[in-house]
Amino acid sequence: MTKTLYLMRHGQTLFNQMHKIQGVCDSPLTDLGINQAKLARAYFNDRQIKLTAAFCSTSERASDTLEIVTNNSLPYTRLKGLKEWNFGRFEGQDEALNPPLPYEDFFKTFGGEDQSEVGLRMEATILDLMATAAGENVLVVSHGAACACFYRQVTGQSQLPIRGIKNCSIFKYQYADHHLTYQDLWQPDFSQLDNK
């Protein structure tokens with residue numbers, strides 16, 4: 001059976017707003033983040049996509065985003081395998097401390113994960129859930145760096161289809177025969193939202 005995976009980044013958080021490194025640590029959605037999630041809900045509603053299964057990381061920012069997108073109308077499962085990249089001792093620090101891209105194994109030295117570990121973890125988790133998920137349209141809410149690592153893992157491409165993954169961006173993949181194929185990336189237009 002062919003299924004569609006909608007892999008999405010969570011809405012803006014307090015740490016995003018403050019330009020803090022946010023991997024396995026968590027912070028709440030901002031008002032803007034809540035409105036971004038509502039735009040993502042409109043993406044599905046406008047296209048008349050009926051979501052049949054939903055999953056997210058165990059981070060609250062992901063589950064809160066999922067609940068807004070689905071309007072609390074779909075039960076979901078939280079999975080550790082969908083968590084953001086673990087940045088080790090850099091967690092909660094200023095984003096200015098990030099090394100130049102690509103990060104590769106930089107954070108491993110500081111108690112975090114390397115890029116290939118994140119990609120493999122995401123791929124294994126998503127392939128497992130897609131094999132058992134009910135219906136044809138599966139929503140997965142995860143994180144920016146985790147989504148990027150997954151894209152690289154699945155496509156074999158080092159460059160993302162766009163520079164910078166906005167909050168609530170949605171990657172679309174086709175799933176069949178335990179294989180995922182990248183199809184498209186939707187980036188929301190936040191021009192009508194209050195960006196304060």
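The values are calculated or read from the model by the stated rules, or taken from the named source; none is laboratory data. Just so we're clear, the structure is a prediction, and the values are computed from it rather than from any experiment. No Cβ is skipped: glycine too gets one built from the backbone with ideal geometry, and neighbour counts run over all protein chains shown. Areas reflect the complete protein model, heavy atoms only, side chains present, ligands, DNA and RNA absent. Shrake-Rupley method; radii C 1.70, N 1.55, O 1.52, S 1.80 Å.
Assorted remarks:
- Check on ALA131, surrounded by fewer than 18 Cβ atoms within 10 Å (Cβ to Cβ), of a type in the set (Gly, Ala, Ser) and in a helix (DSSP H, G or I): yes
- Sole residue being out of contact with any helix residue (DSSP H, G or I) (no Cβ under 6 Å at 6 or more places or on another chain) and not charged (D, E, K, R), chosen from SER142, SER73: SER73
- Residues satisfying the stated conditions in segment 62-85, i.e. buried (at least 18 other Cβ atoms within 10 Å of the Cβ), more than 19 Å from PHE150 (Cα to Cα) and charged (D, E, K, R): ASP64
- Output for segment 1-33, where each listed residue is part of a helix (DSSP H, G or I) and either open to solvent by less than 60 Å² (accessible area, probe 1.4 Å) or within 23 Å of ILE126 (Cβ to Cβ) (or both): PHE15, ASN16, LEU32, GLY33
- Scan of segment 153-196 for residues that are at pLDDT below 90 and either touching a Gly at 6+ places or on another chain (Cβ under 9 Å) or among the charged types (D, E, K, R) (or both), ordered by number: ARG163, GLY164, ASP189, ASP194, LYS196
- Some residue of segment 91-100 being touching a helix residue (DSSP H, G or I) at 6+ places or on another chain (Cβ under 7 Å) and surrounded by fewer than 21 Cβ atoms within 10 Å (Cβ to Cβ): yes
- Every pair of residues 6+ apart whose Cβ atoms lie under 8 Å, when the first sits in segment 71-92 and is over 22 Å from ILE126 (Cα atoms) and among the hydrophobic types (A, V, I, L, M, F, W, C) while the second is modelled with pLDDT of 95 or more and open to solvent by less than 30 Å² (accessible area, probe 1.4 Å): PHE90/ILE21; PHE90/GLY23; PHE90/PHE107; PHE90/GLY112
- One residue stands out among those in segment 150-190 that are among the hydrophobic types (A, V, I, L, M, F, W, C) and more than 13 Å from the chain's Cα centre (by Cα): the one that is nearest to LYS38 (Cα to Cα), which is PHE190.
- Taken together, the residues in segment 43-64 that are farther than 29 Å from PHE106 by Cα and in contact with a Gly (Cβ under 9 Å, 6 or more places away or on another chain) amount to 5.
- Residue count, segment 1-60 (criterion: in contact (Cβ under 8 Å) with a residue 40 or more places away in the chain and of a type in the set (Lys, Arg)): 4
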